[in-house]
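The next block holds one structure in the form of structure tokens; read it before the comments.
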Amino acid sequence: MTQPAASTADTVTVRVPAKVNVQLSVGGVRPDGFHGLANVFLAVGLYDSVSATRADAPLLTVSGPDAALVPQDRTNLAARAAALLAARHGLAADVHLHIAKDIPVAGGMAGGSADAAAALLACDRLWGLDSPREELLELCAELGSDVPFSFAGGAALGEGRGELLTPLEVGGTFHWVFAVADGGLSTPAVYRECDRLREATGTGSSAADVPEPAASQELLAALRTGDAAALAAALRNDLQPAALSLRPSLAETLETGLAAGALAALVSGSGPTCAFLVADPDSATRIAHALTASGTCRGARATAGPAPGASLV
């Protein structure tokens, strides 16, 4: 096959955002083992950076908060992204990937998915492939349900397993505070607990038992108009009861942020990071300080969204 012209750069760096699920509606378990989702993503301004550098063999390193918790072998989703792209084009995945972490690890903010999206774009440019955006999004979907949105950024409705994206209009900036918990929560474990709780309440957990999830029209309108109060009223996370069941202490974190003046609070994705929608930057700073001082979380970060997706630095 014809080999692509390699990039003249020795290193390519891509910055990629975290996400918050402003709506995460979870259907029942399908025959393939997955859950149908209506997943409204909003990218927010907490970022990881992934640098791809020419190397004689695959190598992955990580720096930043909780770097020790990130696998640094071929099981890492960023390493898998590089290997997938290389295999698609008949190349050796000889690249040193360095991940500079700032997105909470195992925190329900798609940090691993973000790194995979960034690695795809960085390797694509390093190897001179210049793949069409649609092809990269297809590879993202092969890697995981959240990876396509990490690549795209902004705001989007994710359907299917979350990988089928419809971009959404956002009419303003939404301000957030994220309270980072000690330790992570396993996403598969949270989904299993969601199923268990549904069975325990007698509703059943299969796709035949649970209504097909759909995006909230009120929530989409709030995003479109930039109405923070309306968005606060429409926030929803069907995984929150399961996350609270596995980590009861998160309830105190949520209550603390609300008492400090947040418009709304919810567990971010599968947790354990807690997300607080707030009125403005000054409120964000004040509420972040209150959460940090409360001792109910390891720390709190103020930021805003929407944020752009994977971008060359």
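The values are calculated or read from the model by the stated rules, or taken from the named source; none is laboratory data. What you see is a predicted model, and the numbers here were worked out from it, not measured in a lab. Every residue, glycine among them, receives a Cβ derived from its backbone with ideal geometry; neighbour counts consider all protein chains shown.
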Could you check, for region 271-280, whether at least one of its residues is touching an Asp or Glu at 6+ places or on another chain (Cβ under 7 Å), surrounded by 24 or more Cβ atoms within 10 Å (Cβ to Cβ) and not assigned by TED's automatic domain parsing to the domain that holds G158?
no
Look through region 150-165, keep the residues that are of a type outside the set (G, A, S) and modelled with pLDDT under 95, and return whichever of them is farthest from G226 (Cα to Cα).
R161
Of A43, A81, A18, the only residue that is closer than 19 Å to E142 by Cβ, among the small types (G, A, S) and at pLDDT 95 or above is A81
For G299, only one of the following conditions fails: (1) under 14 Å from L258 (Cα atoms); (2) at pLDDT below 95. What is its number?
(1)
Pick from G261, G305, G257, G295: which is closer than 28 Å to A152 by Cα and either crowded, with 16+ Cβ neighbours inside 10 Å or small (G, A, S) (or both)?
G305
Within region 213-221, can one find any residue that is buried (at least 19 other Cβ atoms within 10 Å of the Cβ) and in contact with a Phe, Trp or Tyr (Cβ under 9 Å, 6 or more places away or on another chain)?
no
I'm trying to understand the selection: among the residues of region 7-25, which are surrounded by fewer than 20 Cβ atoms within 10 Å (Cβ to Cβ) and aliphatic (A, V, I, L, M)?
A9
Criterion: buried (at least 22 other Cβ atoms within 10 Å of the Cβ) and under 27 Å from P211 (Cα atoms) - qualifying residue of G28, G108
G108
When you check G45 against the structure, is it surrounded by fewer than 22 Cβ atoms within 10 Å (Cβ to Cβ), within 18 Å of A110 (Cα to Cα) and touching a strand residue (DSSP E or B) at 6+ places or on another chain (Cβ under 9 Å), yes or no?
yes
Given the criterion in contact (Cβ under 8 Å) with a residue 24 or more places away in the chain, among the hydrophobic types (A, V, I, L, M, F, W, C) and part of a loop (DSSP other than H, G, I, E, B), identify the matching residue among A275, A262, A232.
A262
Could you check A290 against (1) surrounded by 23 or more Cβ atoms within 10 Å (Cβ to Cβ); (2) over 17 Å from N237 (Cβ atoms); (3) out of contact with any strand residue (DSSP E or B) (no Cβ under 6 Å at 6 or more places or on another chain) and say which number it fails?
(1)
In this structure, is R198 at pLDDT 95 or above, of a type in the set (K, R), closer than 30 Å to H289 by Cβ and surrounded by 19 or more Cβ atoms within 10 Å (Cβ to Cβ)?
no
Candidate set from region 247-293 (those that are among the small types (G, A, S) and in contact with a Gly (Cβ under 7 Å, 6 or more places away or on another chain)); member that is nearest to V105 (Cα to Cα):
G271
Which one is surrounded by the most Cβ atoms within 10 Å (Cβ to Cβ) among residues in region 119-176 that are among the hydroxyl-bearing types (S, T, Y) and over 25 Å from L91 (Cβ atoms)?
S145
